[in-house]
1. Name the single residue, out of those in region 26-35 being modelled with pLDDT of 85 or more and in contact with a helix residue (DSSP H, G or I) (Cβ under 7 Å, 6 or more places away or on another chain), that is surrounded by the fewest Cβ atoms within 10 Å (Cβ to Cβ).
2. So residue 177 fits all but one of (1) at pLDDT 95 or above; (2) in contact with a helix residue (DSSP H, G or I) (Cβ under 9 Å, 6 or more places away or on another chain); what number is the exception?
3. Criterion first (buried (at least 17 other Cβ atoms within 10 Å of the Cβ) and either in a loop (DSSP other than H, G, I, E, B) or modelled with pLDDT of 95 or more (or both)) does residue 78 satisfy it?
4. Being within 30 Å of residue 286 (Cα to Cα) and in contact with a strand residue (DSSP E or B) (Cβ under 6 Å, 6 or more places away or on another chain) is the requirement here; does residue 111 meet it?
5. Residue by residue through region 77-125, note down the ones that are farther than 20 Å from residue 302 by Cβ and free of Cβ contacts under 8 Å to residues at least 60 places away in the same chain.
6. Criterion first (in the same structural domain as residue 150 (by TED's automatic domain parsing), surrounded by 17 or more Cβ atoms within 10 Å (Cβ to Cβ) and touching a residue at least 60 places away in the same chain (Cβ under 8 Å)) does residue 180 satisfy it?
7. Return the total of residues in region 103-143 being surrounded by fewer than 16 Cβ atoms within 10 Å (Cβ to Cβ) and assigned to a helix (DSSP H, G or I).
């Protein structure tokens with residue numbers, strides 16, 4: 001009799017486990033190269049989401065991708081639920097401008113929150129003769145890999161400065177993980193990207209190659225920033241990296257976390273609540289998050305409307321009325 005009862009109990013337990021497994025839903029975050037800040041940003045978000053997956057039923061995973069533009073296009077195609085993207089490309093995607101003009105406005109693009117600031121960061125060999133962005137013509141320079149927000153931003157810089165691709169001696173299109181080695185090997189004179197600081201790749205470059213970080217300052221850049229709300233002036237603090245004691249004046253964007261209106265309110269609610277409801281823990285997961293402020297995260301650098309699931313989370317957290 002006891003054996004029979006035990007068998008029944010095991011069957012019921014097995015059924016409950018199967019039911020719970022069947023109810024679990026998977027969500028994916030598109031990030032960037034594994035050496036940048038987007039990838040650990042996605043990992044930090046998933047870590048907090050998965051901590052309570054038994055309660056909300058969502059299991060989060062991270063995908064290394066080509067970057068901002070790739071992530072937005074893949075969310076639009078329904079192949080990713082979430083992605084990290086530069087604030088300028090979020091704006092252009094939602095409004096159907098720049099790189100997104102041919103595809104048209106992505107009206108279902110939705111914001112979840114913004115993350116860290118991403119200054120334009122130009123690194124150059126100390127012997128290259130590059131001391132400012134204005135020195136780049138005639139140099140061998142990496143402008144970013146296809147699909148990345150970096151490459152898209154380079155094209156904006158080209159237009160603003162009145163340059164053509166032929167003004168560079170070499171316009172390399174390597175991934176960020178390949179650039180420190182190329183600089184050290186003297187295959188390129190410099191490279192740039194938009195990244196949160198402190199950055200591991202930047203640290204590796206200045207330590208291994210005796211590289212310098214140079215300003216992005218010119219009348220054309222000032223006009224570009226003044227004409228576009230999604231750009232802002234920025235400073236990379238002096239002393240953050242060896243051999244670079246002075247503040248570096250530049251400009252940049254914000255990293256934002258986006259999704260689609262077609263993603264369920266419950267999924268977005270779970271992600272937004274995991275991060276903003278545990279902001280102290282999130283800040284500890286990467287140095288670039290150390291100074292994040294909740295009120296700024298739910299408003300700054302966001303061109304697309306907030307997703308209703310995010311709004312519900314922020315209202316419950318007392319961040320919105």
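1. Per the stated criteria, the residue is 34.
2. (1)
3. Criteria not met by residue 78.
4. Here the answer is yes, as residue 111 does meet what is asked.
5. Passing the criteria: 77, 79, 101, 102, 103, 104.
6. no
7. 0
Yes or no, residue by residue, for (1) buried (at least 17 other Cβ atoms within 10 Å of the Cβ); (2) at pLDDT below 95; (3) part of a helix (DSSP H, G or I); (4) in contact with a helix residue (DSSP H, G or I) (Cβ under 8 Å, 6 or more places away or on another chain):
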position: 226; (1), (2), (3), (4): no, yes, yes, no
position: 230; (1), (2), (3), (4): yes, yes, no, yes
position: 239; (1), (2), (3), (4): no, yes, no, no
position: 252; (1), (2), (3), (4): yes, yes, no, no
position: 266; (1), (2), (3), (4): no, no, yes, yes
position: 269; (1), (2), (3), (4): yes, no, yes, yes
position: 272; (1), (2), (3), (4): yes, no, yes, yes
position: 301; (1), (2), (3), (4): yes, yes, no, yes
position: 313; (1), (2), (3), (4): yes, no, yes, yes
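The values are calculated or read from the model by the stated rules, or taken from the named source; none is laboratory data. Note that this is a predicted model, so its numbers are computed, not measured. Cβ coordinates were reconstructed from backbone atoms using ideal geometry, including for glycine residues, and neighbour counts include every protein chain displayed.
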